[in-house]
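Engineer: Please see the structure below; I have some questions.
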Amino acid sequence: MKKRYEEFADIMKEQLNQALQQEDILDQASEIMSDTVATGGVIHVFGCGHSQMFGEELCFRTGGLVPVNAIMIPQYNIYPNVKLSQIMERQEGVAQGVLDSMVTTPKDTMIIVSVSGRNAAGIDMAIAAHDKGMKVIGVTSLNYSNQVTSRHSSKKLLKDVSDVVIDICGVKGDSVLEDSRVSEKFCSTSTVVAMSILVGIVGEVIVKLADRGINPPIWVSGNLDRGDKINEEYIKQYKGKVSIL
């Protein structure tokens, strides 16, 4: 009998391989992001609860693109209080103000991660980004999203308000393992699958920029002796443009 970590790894590999079949969609997303960086724009990343970690991973990350802004609003995070985070992600009318408080241009791209795609904050952020002329890339599980209703007054889901929809191919409820002695399914796949896809897309963007004759600005590890000097120059260059810097 397989160990649970083996079973989980097998399911994740299957979901990731399935997600990678969306080659045209992934290429479309990478092209939009490449255009943004090539024209001096910024890629913004938004999510609520655990989905905030996608912004953390893509922003100020070794080997990642410099012009990426993580929208890190404390009230959307599970810290300091998980209940507050849950209330906020279902609240309309806040995301517009969040985006208004940041530096943005129509050249920018907004990436929004919401596994179910149903909560108001992500849908609001997509609408707000469109109002500012941005392209929106939605990262969601279509199988999950197609089995739930919207919590937004428009009755729309994230997939309905995104220019490009990346399907992370998860199941309803996100958890995939079962045991007859356990009342609920356990171990969710969305984080690993979505993160793998997004980091891989960043890699594709970097190569696309190089194909255009652009040397992409890339963060270097601060634990390399040369890292701090390189990164400080990028911070000076992009401060006031990438809001989190």
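The values are calculated or read from the model by the stated rules, or taken from the named source; none is laboratory data. Small disclaimer: the values here were computed from a predicted structure and weren't measured. Glycine gets a Cβ as well: all are built from the backbone with ideal geometry, and neighbour counts include every protein chain shown.
Engineer: Can you tell me how many residues within the stretch 37-52 are surrounded by fewer than 18 Cβ atoms within 10 Å (Cβ to Cβ) and in a helix (DSSP H, G or I)?
Structural biologist: The qualifying residues number 2.
Engineer: Let me ask something else about it. Criterion first (closer than 21 Å to residue 151 by Cα, out of contact with any Ser or Thr (no Cβ under 6 Å at 6 or more places or on another chain) and in a helix (DSSP H, G or I)) does residue 91 satisfy it?
Structural biologist: Judged against the criteria, residue 91 is not a match.
Engineer: Inside the stretch 150-192, can you point out the residues that are farther than 20 Å from residue 127 by Cα, in contact with a Lys or Arg (Cβ under 8 Å, 6 or more places away or on another chain) and of a type in the set (S, T, N, Q)?
Structural biologist: Of everything in the stretch 150-192, just one residue is farther than 20 Å from residue 127 by Cα, in contact with a Lys or Arg (Cβ under 8 Å, 6 or more places away or on another chain) and of a type in the set (S, T, N, Q), namely 175.
Engineer: Can you tell which of 75, 15 is touching a helix residue (DSSP H, G or I) at 6+ places or on another chain (Cβ under 9 Å), outside any strand (DSSP E or B), surrounded by fewer than 18 Cβ atoms within 10 Å (Cβ to Cβ) and not aromatic (Phe, Trp, Tyr)?
Structural biologist: Just a single option satisfies the conditions, and that option is 75.
Engineer: Which condition number in (1) among the hydrophobic types (A, V, I, L, M, F, W, C); (2) touching a residue at least 60 places away in the same chain (Cβ under 8 Å); (3) under 18 Å from residue 168 (Cβ atoms) is the one that residue 102 fails?
Structural biologist: (3)
Engineer: Before we move on, is residue 56 part of a helix (DSSP H, G or I) and free of Cβ contacts under 8 Å to residues at least 60 places away in the same chain?
Structural biologist: Taking the combined requirement at face value, the residue satisfies it.
Engineer: Tell me whether the stretch 206-215 contains one or more residues that are over 22 Å from residue 57 (Cβ atoms), touching a helix residue (DSSP H, G or I) at 6+ places or on another chain (Cβ under 7 Å) and of a type outside the set (D, E, K, R).
Structural biologist: There is at least one residue in the stretch 206-215 that is over 22 Å from residue 57 (Cβ atoms), touching a helix residue (DSSP H, G or I) at 6+ places or on another chain (Cβ under 7 Å) and of a type outside the set (D, E, K, R).
Engineer: Another question, if that's okay. Which one is farthest from residue 208 (Cα to Cα) among residues in the stretch 4-63 that are among the aromatic types (Phe, Trp, Tyr) and touching a strand residue (DSSP E or B) at 6+ places or on another chain (Cβ under 6 Å)?
Structural biologist: 8
Engineer: Answer with yes or no whether residue 60 is in contact with a helix residue (DSSP H, G or I) (Cβ under 7 Å, 6 or more places away or on another chain) and either over 22 Å from residue 166 (Cα atoms) or buried (at least 16 other Cβ atoms within 10 Å of the Cβ) (or both).
Structural biologist: For residue 60, the condition - in contact with a helix residue (DSSP H, G or I) (Cβ under 7 Å, 6 or more places away or on another chain) and either over 22 Å from residue 166 (Cα atoms) or buried (at least 16 other Cβ atoms within 10 Å of the Cβ) (or both) - is not met.
Engineer: Given the criteria closer than 26 Å to residue 169 by Cα, touching a residue at least 60 places away in the same chain (Cβ under 8 Å) and crowded, with 24+ Cβ neighbours inside 10 Å, does residue 137 qualify?
Structural biologist: Answer is yes for this residue.
Engineer: Kindly list the number of the only condition in (1) crowded, with 17+ Cβ neighbours inside 10 Å; (2) part of a loop (DSSP other than H, G, I, E, B); (3) of a type in the set (Ser, Thr, Tyr); (4) touching a Phe, Trp or Tyr at 6+ places or on another chain (Cβ under 9 Å) that fails for residue 85.
Structural biologist: Every condition holds for residue 85 apart from (2).
Engineer: Which is polar (S, T, N, Q) and modelled with pLDDT of 95 or more, of 119, 81?
Structural biologist: None of the other options fit; the residue is 119.
Engineer: Which one of these does residue 196 not meet: (1) of a type in the set (Ser, Thr, Tyr); (2) surrounded by fewer than 17 Cβ atoms within 10 Å (Cβ to Cβ); (3) assigned to a loop (DSSP other than H, G, I, E, B)?
Structural biologist: Only one criterion is unmet by residue 196, namely (3).
Engineer: Being of a type in the set (Gly, Ala, Ser) and over 13 Å from residue 192 (Cα atoms) is the filter; apply it to the stretch 159-174 and report the residue that is farthest from the chain's Cα centre (by Cα).
Structural biologist: 173
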